[in-house]
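Presented below is the structure to which this report refers.
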Amino acid sequence: MTSLEKNKELFEEMFSLHIERIFWESDLKKKFLCHLIKYYKCYIFGGIIVDFIQRRQNYRDVDIVVNDFDEKLTNFIESFKGKKNSFGGYKIEIDRLIIDIWPLEKTWAFKRNNTMDFFLPMLLPSTSFFNATSIIFSLNEEKLFWTEGFIKYLAEKKIDIVFEENPFPELCIIKTIDYIKDNCEISLSLRKYIKSFFNIKSGLLESTQTKHFGYIKYSLNEIKDILQSKEETTKAKKAVKRDLQYTLF
């Protein structure tokens with residue numbers, strides 16, 4: 001059992017305080033968050049939760065998904081000079097904090113199954129592509145919800161696929177590079193996924209980074225080198241494991 005499973009309530013309380021510290025730094029950020037919580041069901045997802053659990057306090061932005069996203073919320077976001085992004089959500093910058101906010105109905109998984117809002121807290125984590133991000137925090141309930149795959153990631157630091165259908169395979173490949181750079185192992189299913197899409201999407205790998213991050217983190221050649229090096233390392237580890245089996249038996 002991981003420390004998260006053993007101390008769920010403590011993690012929930014600590015993460016809630018972490019979010020408060022981020023948003024309570026200024027009246028504008030506080031106003032924004034309080035409005036969301038008061039009128040909508042909203043959930044934080046993405047790397048900020050994982051970084052907190054793994055005791056890494058750095059965060060690039062805050063990702064929030066909102067149920068029952070309506071015109072009033074759109075107007076409220078636009079009052080903060082929020083702009084639509086190319087992925088169906090909105091990007092806002094409030095006092096140097098970047099917030100990406102997504103209507104539930106714009107998420108890929110909801111488009112595939114529009115009844116999931118009845119069980120949203122339990123089902124939303126299972127719509128993540130990666131097991132490492134298959135966890136959400138309900139801002140209204142101040143509770144964490146995750147998949148078994150997330151617990152496995154914490155225990156093994158191995159990246160796997162939870163929900164394979166994804167409209168942006170090129171972005172999944174780029175994010176896999178981030179995990180490799182963080183010394184994570186990559187599952188067989190994820191390796192097969194990358195191989196099946198790499199040649200098809202290679203022409204988009206650099207432009208997608210510019211669109212998503214605002215700059216190119218990894219050149220195409222660097223991505224190829226990192227993936228090839230990881231594959232060779234994985235094969236070498238398997239060979240060592242086989243040799244040990246023969247030695248032991």
Notebook entry, point to check: Which condition number in (1) modelled with pLDDT under 95; (2) in a helix (DSSP H, G or I); (3) in contact with a strand residue (DSSP E or B) (Cβ under 6 Å, 6 or more places away or on another chain) is the one that residue 12 fails?
Noted result: (1)
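Can you name the residue in segment 165-184 that is of a type outside the set (Phe, Trp, Tyr) and in contact with a Ser or Thr (Cβ under 8 Å, 6 or more places away or on another chain) and, of all such residues, is nearest to residue 222 (Cα to Cα)? Break it down stepwise before answering.
Keep residues of segment 165-184 that are of a type outside the set (Phe, Trp, Tyr), which gives 165-167, 169-178, 180-184.
Next, only the ones that are in contact with a Ser or Thr (Cβ under 8 Å, 6 or more places away or on another chain) stay: 170-171, 174.
On the way: 170: 15, 171: 15, 174: 11 Å.
Step by step, filter segment 165-184, then rank; the result is 174.
Quick check: is even one residue across segment 79-96 part of a helix (DSSP H, G or I), out of contact with any helix residue (DSSP H, G or I) (no Cβ under 9 Å at 6 or more places or on another chain) and of a type outside the set (Ser, Thr, Tyr)? Break it down stepwise before answering.
Within segment 79-96, the first condition is being part of a helix (DSSP H, G or I), and the residues that meet it are 79.
Narrowing further to those that are out of contact with any helix residue (DSSP H, G or I) (no Cβ under 9 Å at 6 or more places or on another chain): 79.
Now narrow it down to the ones that are of a type outside the set (Ser, Thr, Tyr): none.
No: zero hits.
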Next item on the list: Could you run through segment 189-220 and say how many residues are part of a helix (DSSP H, G or I), surrounded by fewer than 18 Cβ atoms within 10 Å (Cβ to Cβ) and either aromatic (Phe, Trp, Tyr) or not assigned by TED's automatic domain parsing to the domain that holds residue 232 (or both)?
Entry: 3
Next item on the list: Please specify each residue of segment 81-106 satisfying the condition of being buried (at least 17 other Cβ atoms within 10 Å of the Cβ), modelled with pLDDT under 85 and either of a type outside the set (A, V, I, L, M, F, W, C) or over 14 Å from residue 64 (Cα atoms) (or both).
Entry: 89
Check: Restricted to segment 19-77, and to residues that are basic (Lys, Arg), surrounded by fewer than 18 Cβ atoms within 10 Å (Cβ to Cβ) and within 17 Å of residue 90 (Cα to Cα), which residue is nearest to the chain's Cα centre (by Cα)?
Finding: 60
Notebook entry, point to check: For residues in segment 122-145 being surrounded by 24 or more Cβ atoms within 10 Å (Cβ to Cβ) and in contact with a Pro (Cβ under 8 Å, 6 or more places away or on another chain), which is nearest to residue 20 (Cα to Cα)?
Noted result: 136
Note to self: Any residue in segment 1-22 that is without any contact (Cβ under 8 Å) to a residue 40 or more places away in the chain and in the same structural domain as residue 51 (by TED's automatic domain parsing) sitting within a Cβ distance under 6 Å of a residue that is surrounded by 12 or more Cβ atoms within 10 Å (Cβ to Cβ) and of a type outside the set (Lys, Arg)? List the pairs, counting only those 6 or more apart or interchain.
What the structure shows: 18/52
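Determine which member of the set 198, 213, 145 is more than 18 Å from the chain's Cα centre (by Cα) and among the hydrophobic types (A, V, I, L, M, F, W, C).
Working: 213 fails: more than 18 Å from the chain's Cα centre (by Cα); 145 fails: more than 18 Å from the chain's Cα centre (by Cα).
Matching residue, one of 198, 213, 145: 198.
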Check: Quick one: is residue 78 farther than 17 Å from residue 124 by Cα, at pLDDT 90 or above and either assigned by TED's automatic domain parsing to the domain that holds residue 213 or touching a strand residue (DSSP E or B) at 6+ places or on another chain (Cβ under 9 Å) (or both)?
Finding: yes
Notebook entry, point to check: Hey, residue 44 hits all of (1) in contact (Cβ under 8 Å) with a residue 12 or more places away in the chain; (2) in a helix (DSSP H, G or I); (3) in contact with a Phe, Trp or Tyr (Cβ under 8 Å, 6 or more places away or on another chain) but one; which does it fall short on?
Noted result: (2)
Margin query: One residue is enough: does segment 174-188 have a residue meeting the conditions farther than 17 Å from residue 63 by Cβ, in the same structural domain as residue 19 (by TED's automatic domain parsing), in a helix (DSSP H, G or I) and without any contact (Cβ under 8 Å) to a residue 60 or more places away in the chain?
Written below: no
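Test residue 227 against the stated conditions and say whether it is more than 30 Å from residue 83 (Cβ to Cβ) and in contact with a strand residue (DSSP E or B) (Cβ under 6 Å, 6 or more places away or on another chain). Let's see the steps before the verdict.
Numbers: more than 30 Å from residue 83 (Cβ to Cβ): yes; in contact with a strand residue (DSSP E or B) (Cβ under 6 Å, 6 or more places away or on another chain): no.
Taking the combined requirement at face value, the residue does not satisfy it.
Of the residues in segment 157-173, how many are touching a Cys at 6+ places or on another chain (Cβ under 9 Å) and part of a helix (DSSP H, G or I)? Break it down into steps so the answer makes sense when it comes.
Going through segment 157-173, the residues touching a Cys at 6+ places or on another chain (Cβ under 9 Å) turn out to be 157-159, 161, 166.
Of the ones still in play, those that are also part of a helix (DSSP H, G or I) are none.
Total meeting the criteria: 0.
The values are calculated or read from the model by the stated rules, or taken from the named source; none is laboratory data. The structure displayed is predicted, hence computed values, not measured ones. FYI the Cβ positions are ideal-geometry reconstructions off the backbone, even for glycines, and counts take in every protein chain you see.
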